[in-house]
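What follows is a short report on a single structure.
The values are calculated or read from the model by the stated rules, or taken from the named source; none is laboratory data. Since the model is a prediction, treat every value here as computed from it, not as a measurement. We place every Cβ from the backbone using ideal geometry, glycine too, and count neighbours over all the protein chains shown.
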Amino acid sequence: MINLENKYIPKDVNYWIKEGQKMVAEHQKRIDRTKNWKFDTIATHGVYDLSEALNKNNGSIMEPIYMSPAQAYHDSGEMEAGLSYQMPNWCYTRIANPSNFYLEATTALLESYGTGLEASSLATASGMSAIRTATDPFLVKDDSLPAPNFVASAKVYGGAFQQFWVRRWLEQGVEVRWVKNPTNLSEWKEKVDAGTRFLYGEFPSNPSVDIFDIQTVADLAHENNIPLIVDATCASPALTRPLEFGADIVVQSASKVLASSGMTILGLLTSKKNIISKVGSDEMKADFATWAKLWPYRDNGPAINPMACILTLNDMRSLRMKIAQMSRSTQIIAEYLENHPLIDRVHYPGLQSYASHDLAKKYMKLVDSNENLYGYMLSVEIKENSEGTTENTRKFYDGLEMIWRATDLGRVKTVATLNAISTHQQQGEEGRALASIKPNAVRISAGIEDPDDIISDIEKGFANIK
């Protein structure tokens, strides 16, 4: 016999919409509280607190991993409100998931830290899918405008180069206009016209470690009613927060230093509220990352596994400390290499010899300090042998023992790469020349080992040349 007194009574959709409004207000309270904290505290706690732990997660101190791809609803009214986006909900991991949300909320707070800006974030299956999700919406057909194009620094990661050059331009006919010297504002200006939909740059670039003046390029973008998108993977929000200097959207290959333990692949897209764009709906411009999550991200499906989000979130808790150690070590290594007789040139923003050193000082500083630090990545050019070949470069590389020979970077373990034959191989000689990728260049991504041990291993590489 059914006990009617305890039987659940379904609610209508209006009830759930009101419940959703309460949830939004509660989340905003958590964000407002968290914004009063320092960077390390935000990275450690994010928006997950005791109340949520006790009321939703059996008191778990750490954010739980929700591996189920879908949630159940109390009734049809809650389902209708949730699936029509009239209340926050976890309907399906291809759109949203609680574990993913914890990472996204924390990322938005870190990328906007100290700026007074409101921001939102979206986790994707890789850094490349974050780039695609960030750029696709601005390249839509619009009969009121000329055919779309976009302007990008040529000093970009090989995968981004391929996505822009091959997938967008050669296959889809959307022109990419390359800026060879990203520090030259005139070169950016001359490539912008009525059909340009966004500007794009890496800060600093992988692997040539080039930078650009974010603030002046952002001003140029906004003068032309278009957004600036910045890939800040090789800085991280612990050193550079492009939103602070006028950028509209930041992408991260979180597989790198944000997830420095090297256990997962993941991308992040963070946008400030009310971006500038000559295309798109008011809803898109008001909150780009959230709009992207609910619409194109849902339809295109670059979703990330919740386990990857929690692994990344756990690594991010110590981001500031790790980026400090890695950057200080890289500075020591760069200074050592700059004076070595077998080296032609070292590319590292922390060196006085770096062409844009003063610009780097403006943008690269350890958060919550006055210390200029310049990141974990450098590029070094090995002198050619007497025959003018790059045999010395390969001998040096093959002589490394502790340092890992791999294409990875941003790890707690030091990794070295020959980009001309790995990450940028598919670009061909013309593309590599455009991006200044030389065959005698070695990219070194310093980890958290003692710098003396890293240098000792580099010396083994040099010893292999003789």
- prompt: When Asn385 is evaluated against the numbered criteria (1) assigned to a helix (DSSP H, G or I); (2) surrounded by fewer than 17 Cβ atoms within 10 Å (Cβ to Cβ), which criterion, by number, is the only one it fails?
  reply: (1)
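I'd like the residue in the range 344-353 that is out of contact with any Pro (no Cβ under 8 Å at 6 or more places or on another chain) and in contact (Cβ under 8 Å) with a residue 12 or more places away in the chain and, out of all such residues, is surrounded by the fewest Cβ atoms within 10 Å (Cβ to Cβ). Reasoning before the result, please.
To start, the set of residues in the range 344-353 that are out of contact with any Pro (no Cβ under 8 Å at 6 or more places or on another chain) comprises 344-348, 350-353.
This time we only want the ones that are in contact (Cβ under 8 Å) with a residue 12 or more places away in the chain, so: 344-348, 350-351, 353.
On the way: Asp344: 13, Arg345: 15, Val346: 23, His347: 23, Tyr348: 25, Gly350: 23, Leu351: 18, Ser353: 11.
Here the answer is Ser353.
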query: Considering only the range 291-301, how many residues are under 14 Å from Thr124 (Cβ atoms) and crowded, with 19+ Cβ neighbours inside 10 Å?
result: 3
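From Ile275, Ile304, Ile323, grab the single residue that is without any contact (Cβ under 8 Å) to a residue 60 or more places away in the chain, crowded, with 21+ Cβ neighbours inside 10 Å and touching a helix residue (DSSP H, G or I) at 6+ places or on another chain (Cβ under 9 Å). Write out each step before concluding.
On the way: Ile304 fails: without any contact (Cβ under 8 Å) to a residue 60 or more places away in the chain; Ile323 fails: without any contact (Cβ under 8 Å) to a residue 60 or more places away in the chain.
None of the other options fit; the residue is Ile275.
Ser186 - would you say it is in the same structural domain as Ser126 (by TED's automatic domain parsing), in contact (Cβ under 8 Å) with a residue 60 or more places away in the chain and of a type in the set (Gly, Ala, Ser)?
Here the answer is no, as Ser186 does not meet what is asked.
Residue-wise test of (1) touching a residue at least 24 places away in the same chain (Cβ under 8 Å); (2) of a type in the set (A, V, I, L, M).
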position	(1), (2)
Leu337	yes, yes
Leu342	yes, yes
Asn372	no, no
Glu384	yes, no
Thr390	yes, no
statement: Checked the range 145-165 for anything modelled with pLDDT under 95 and farther than 19 Å from Phe212 by Cα; matches are Gly159, Gln162, Trp165
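Give, as residue ranges, the strands (runs of 3 or more DSSP E) completely inside the range 90-193 that count at least 1 residues that are of a type in the set (Phe, Trp, Tyr) and touching a strand residue (DSSP E or B) at 6+ places or on another chain (Cβ under 8 Å).
Because the criterion is at least 1 residues that are of a type in the set (Phe, Trp, Tyr) and touching a strand residue (DSSP E or B) at 6+ places or on another chain (Cβ under 8 Å), the strands (runs of 3 or more DSSP E) in the range 90-193 that meet it are 149-153, 175-179.
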message: Residues to consider are Glu283, Glu335; find the one that is assigned by TED's automatic domain parsing to the domain that holds Met364 and surrounded by fewer than 21 Cβ atoms within 10 Å (Cβ to Cβ).
response: Glu335
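So which of Ser379, Ser329 ends up being in a strand (DSSP E or B), in contact (Cβ under 8 Å) with a residue 12 or more places away in the chain, buried (at least 19 other Cβ atoms within 10 Å of the Cβ) and not assigned by TED's automatic domain parsing to the domain that holds Phe212?
Details: Ser329 fails: in a strand (DSSP E or B).
Every option except Ser379 fails the conditions.
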- request: Could you tell me whether Ser120 is of a type in the set (Ser, Thr, Tyr), within 26 Å of Pro237 (Cβ to Cβ), crowded, with 21+ Cβ neighbours inside 10 Å and in contact with an Asp or Glu (Cβ under 6 Å, 6 or more places away or on another chain)?
  value: yes
- prompt: Is it true that Met402 is at pLDDT 95 or above and surrounded by fewer than 18 Cβ atoms within 10 Å (Cβ to Cβ)?
  reply: yes
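Considering Pro349, Pro341, which residue is at pLDDT below 95, of a type outside the set (Asp, Glu) and either on the phi < 0 side of the Ramachandran plot or in a helix (DSSP H, G or I) (or both)?
Pro341
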query: Are there any pairs with C-beta distances below 6 angstrom linking a residue in the range 70-87 that is in contact (Cβ under 8 Å) with a residue 40 or more places away in the chain to a residue that is surrounded by fewer than 14 Cβ atoms within 10 Å (Cβ to Cβ) and not basic (Lys, Arg), with the two at least 6 apart or on different chains, and if so which?
result: Asp75/Pro10; Gly77/Asp12
query: Any chance the range 108-130 includes a residue that's within 12 Å of the chain's Cα centre (by Cα) and among the acidic types (Asp, Glu)?
result: yes
- line: Ser261 vs (1) of a type in the set (Gly, Ala, Ser); (2) within 20 Å of Val367 (Cα to Cα); (3) surrounded by fewer than 24 Cβ atoms within 10 Å (Cβ to Cβ): all pass except (2)
